[in-house]
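The values are calculated or read from the model by the stated rules, or taken from the named source; none is laboratory data. These numbers were taken from a predicted model, which means no experiment stands behind them. All Cβ positions, even for glycine, are placed from backbone atoms using ideal geometry, and neighbour counts span all protein chains on display. Note: accessible area is taken over every heavy atom of the protein model, side chains too, but ligands, DNA and RNA are not part of it. Shrake-Rupley method; radii C 1.70, N 1.55, O 1.52, S 1.80 Å.
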Amino acid sequence: MNIGFDGFCLLIYGISTMYLLLGANIKNVKKERLICLGLLLTLTVFSNVVGFLNLSLQAYSRFYPLFIQLPVLAAFALISPYSGKKLIFILLTSIISCAPSIQLSFFVSSFFDYNAYIISFVRVVSFIVTYFLLRRFFCEPFCYMLKNCDKGWGTLCAMPLLYYLASYILEEYYFTPQSWEEFGIFKVI
């Protein structure tokens, strides 16, 4: 039950953060594109629920990028003023912004025998705090960079892409750790 709630909160946070980082104005988007955006996001939620209910947790974790991240990227490509490497950079940045909240929730819950409710509570609170911190301190310079930089996006994508690949390969979006040894960084050590 908590894994589904956590996944839903993560999806809402990711979509909200990506929209924030895009700096897009929904009023300037054509009605047809908004309808397609709504349909794609609904399909994303539906495929996520179907995958979660029909696959083992390990298989669901492995295919999580297909269930969530690629459809969200496609959906936001409809309303984004950016494309290509800039759009991928925005997606990777929004994914990486989730990491501190997730790690903090596991750290705090380790003091409470990895209680699922503690994980959920800390994660939701830290998602809210992180979102408002991004909005207050990060969004304006980020959007300025997107508008004014035309070169070097491949290099800029390298760091979040490497982090994303390392976390996926090491953790495979493992949602329910029972000890610190199950975190990706400890698999390397």
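Do any helices (runs of 4 or more DSSP H) entirely within the range 1-120 hold 1 or more residues that are modelled with pLDDT of 80 or more and closer than 20 Å to Y144 by Cα, and if so, which? Walk me through it before giving the result.
Values: elements: 2-22, 31-54, 57-62, 70-79, 85-96, 99-110.
By residue number, 2-22, 70-79, 85-96.
Do we find that L134 is buried (at least 17 other Cβ atoms within 10 Å of the Cβ) and either without any contact (Cβ under 8 Å) to a residue 60 or more places away in the chain or in a helix (DSSP H, G or I) (or both) in this structure? Full working, then the answer.
Details: buried (at least 17 other Cβ atoms within 10 Å of the Cβ): yes; either without any contact (Cβ under 8 Å) to a residue 60 or more places away in the chain or in a helix (DSSP H, G or I) (or both): yes.
It is true that L134 is buried (at least 17 other Cβ atoms within 10 Å of the Cβ) and either without any contact (Cβ under 8 Å) to a residue 60 or more places away in the chain or in a helix (DSSP H, G or I) (or both).
Only one of the numbered conditions (1) within 18 Å of L87 (Cα to Cα); (2) aliphatic (A, V, I, L, M); (3) in contact (Cβ under 8 Å) with a residue 12 or more places away in the chain is violated by L66, and that is (3). Y60 satisfies every condition listed in (1) within 16 Å of the chain's Cα centre (by Cα); (2) open to solvent by 20 Å² or more (accessible area, probe 1.4 Å) except (2). Here K30, K86 are screened, and the one residue that is over 17 Å from the mean Cα position of the chain (by Cα) and among the charged types (D, E, K, R) is K30.
Identify all residues within the range 148-168 that are open to solvent by 70 Å² or more (accessible area, probe 1.4 Å) and free of Cβ contacts under 8 Å to residues at least 60 places away in the same chain; write none if there are none. Show your work before the answer.
Let us first name the residues in the range 148-168 that are open to solvent by 70 Å² or more (accessible area, probe 1.4 Å), namely 148, 150-151, 155, 159, 161-163, 165.
Selection gives N148, D150, K151, T155, M159, L162, L165.
Of all the residues in the range 65-123, those that are among the basic types (K, R) and crowded, with 17+ Cβ neighbours inside 10 Å number 2.
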